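So the structure is just underneath, and the comments pick up after that.
The values are calculated or read from the model by the stated rules, or taken from the named source; none is laboratory data. All values reported here derive from a predicted model rather than from experimental measurement. Glycine gets a Cβ as well: all are built from the backbone with ideal geometry, and neighbour counts include every protein chain shown. Just so you know, the surface numbers come from the protein's heavy atoms only, side chains and all, with ligands and any DNA or RNA stripped out. Shrake-Rupley method; radii C 1.70, N 1.55, O 1.52, S 1.80 Å.
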Amino acid sequence: SSYVIKTGNGICVTSRNVSTLKLNEQKLLEVNDQLKIQNQILKDAKTIAKIGSYRWNVLENELELSTISENLYVLLGCTPDEFKPTHENFKKFIHPDDLIHYNSNLKESFENQTSVDFTYRIITKNNKIKHFRTIGNFQENDLLGVTQDVTSQVKGAQKLKEKNQELKRSNEELESFNRVASHDLQEPIRKIQMFISRIAETDLDKLSDKSKDYFEKISSSSERMRMLIRYLLSYSRINKSSKDFNIVNLTEIIEKVQEDLDTRIKESGISIIMDNLPTLNAIPFQMEQLFNNLLSNAIKYRNTEDPKIIIDCKKLKRSEITDDFIKKSKSYYRISVLDNGIGFDQEHAEKIFELFQRLHQNNEYSGTGIGLAICKKIVQNHNGHILAESEPGKGSSFCIYLPA
Ligand code: ADP
């Protein structure tokens, strides 16, 4: 750039090299452009995240004369700059029931110069109630912070809590219904069986052959009903009480189960192999019941040739488990009970754990359809998971996860 000044009858020309100045100006413009872009991105982000920001000046212990971001106006149902951004004006939007809570939170943070983080309700210009969460920090005489509209999160959490309570209530109802029903059904069935045996003792020969046949059917049906009720009652009695938990050696438990099933094991000629079984924290008699049911099934649904049961265990970290269930523990024992029996179609693998679900008819294999439901309840009691894999004719494997 050059300056020309007239001096007497001549001129004075001053020239200056301004290339660095020009370069700096250029740089400034570029930075300015970038800032504009950043600002726009921030603005969009605030809208999407339903976030607004604010800055309150602290004057004589009062918050005053301040700035409110555009989006905070929008969150309040207003157009930007619709009202003067004083703290007094802002507080008019706060739900009357939450005003004391709001004031005391701010006061406490200010007095202790700690950061602000709390949730309160506001009423927007068009009378909608919203939940705001505010996070801020005092910096000398300013409170700088952001406010987020967390209404959907608060409502979602509330709904979830209600649903949970509802679920818990209906579960409790179902359990007590089950308990009462199975308990009350015991009495009439006892009477029926008593009268059946009286007739059998005294008058059975007076019946015609056809009636004798019917009588036999009544007798066996009532016996089945008694068994069903008994199992149902034991199902409803499976409970989790922390005082029942104890150190359990699974090898010892399964050896005991084998003793209980001794006759059936000998009759069927089944061989049982176990390996790597752990010692864990569990309810001993429920572990016994669990493996009793699984082994009984493997014996009952065996194949005629060389029947076998293999029980094995592996310890896995939570991250190594691909099966889908809620994992609260860091590691789990994966206990598998494998047989080479008749198996079943994989599509029934979940159904068989439901109450009274059976895949085989009574005349083929006797049963109640409660055994695996009991297994599932026991495993859930232990914060574990049970699943089955099978193929017809190829045997079944039952896999149990228990917290290690
Ligand atoms: P139940 O044996 O009294 O019928 P369970 O609840 O123990 O009742 O089992 C449900 C069903 O799952 C059985 O009826 C049977 O069809 C199937 N099942 C269970 N265990 C096995 C197994 N080891 N092999 C083949 N099928 C099985």
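Assorted remarks:
- Highest average packing first - 341-348, 286-293, 197-204, 248-255, Cβ atoms within 10 Å: 286-293, 248-255, 341-348, 197-204
- Accessible surface, per residue, of the chain when the full set of protein chains is kept, probe 1.4 Å, Å²: 64
- In the chain, the portion of solvent-accessible area held by carbon and sulfur atoms comes to 52 percent [1.4 Å probe, whole percent, DNA, RNA and ligands not counted].
- Ligands, DNA and RNA aside, Cys78 has an accessible area near 10 Å² when probed at 1.4 Å.
- Dipole magnitude of the chain, debye to nearest 20 (Cβ charges: Lys/Arg +1, Asp/Glu -1, about Cα centre): 840
- Length added when fully stretched, Lys161-Leu233, from 0.36 nm per residue minus Cα-Cα: 22.9 nm
- The Leu28 and Lys328 beta-carbon pair, evaluated with R₀ = 51 Å, returns a calculated FRET efficiency of approximately 0.35.
- Förster radius 51 Å - calculated FRET efficiency between Glu70 and Asn246 (Cβ-Cβ, nearest 0.05): 0.20
- DSSP-loop trypsin sites (Lys or Arg not before Pro) across region 114-177, with at most 15 other Cβ within 10 angstrom: Lys125, Lys128
- Kirkwood hydrodynamic radius of the chain, Cα pairs, Å: 29.3
- Sparsely packed loop sites in region 228-266 (the chymotrypsin sites (Phe, Trp or Tyr not before Pro) outside DSSP H, G, I, E and B with at most 16 other Cβ atoms within 10 Å) comprise Phe245.
- Once the Cβ-Cβ distance of His183 and Lys394 is raised to the sixth power relative to R0 = 51 Å, the FRET efficiency obtained is 0.80.
- Note, ³J(HN,Hα) from phi for region 343-352, Karplus 6.51, -1.76, 1.60, rounded to Hz, x at Gly and Pro: x, 7, 6, 4, 5, 9, 4, 8, 4, 5
- Two-site label geometry, Thr86 and Ser1: point separation in nm, points 7 Å out along Cα→Cβ: 4.5
- Using a simple spin-label model with pseudo-atoms 7 Å out from Cα toward Cβ, Asp117 and Thr47 lie 2.9 nm apart.
- Taking the Cα centre of region 1-114 as reference, the dipole from Cβ charges on Lys and Arg (+1) and Asp and Glu (-1) amounts to some 820 debye.
- Applying 0.36 nm per residue to the separation of Tyr214 and Ser19 and subtracting their alpha-carbon distance, the gain on full extension is 58.7 nm.
- Qualifying chymotrypsin sites (Phe, Trp or Tyr not before Pro) in region 361-404, where qualification requires a DSSP coil assignment and no more than 16 other C-beta atoms within 10 Å, comprise Tyr365.
- Projecting label points 7 angstrom from Cα along Cα→Cβ for Gln40 and Lys125 puts them 2.6 nm apart.
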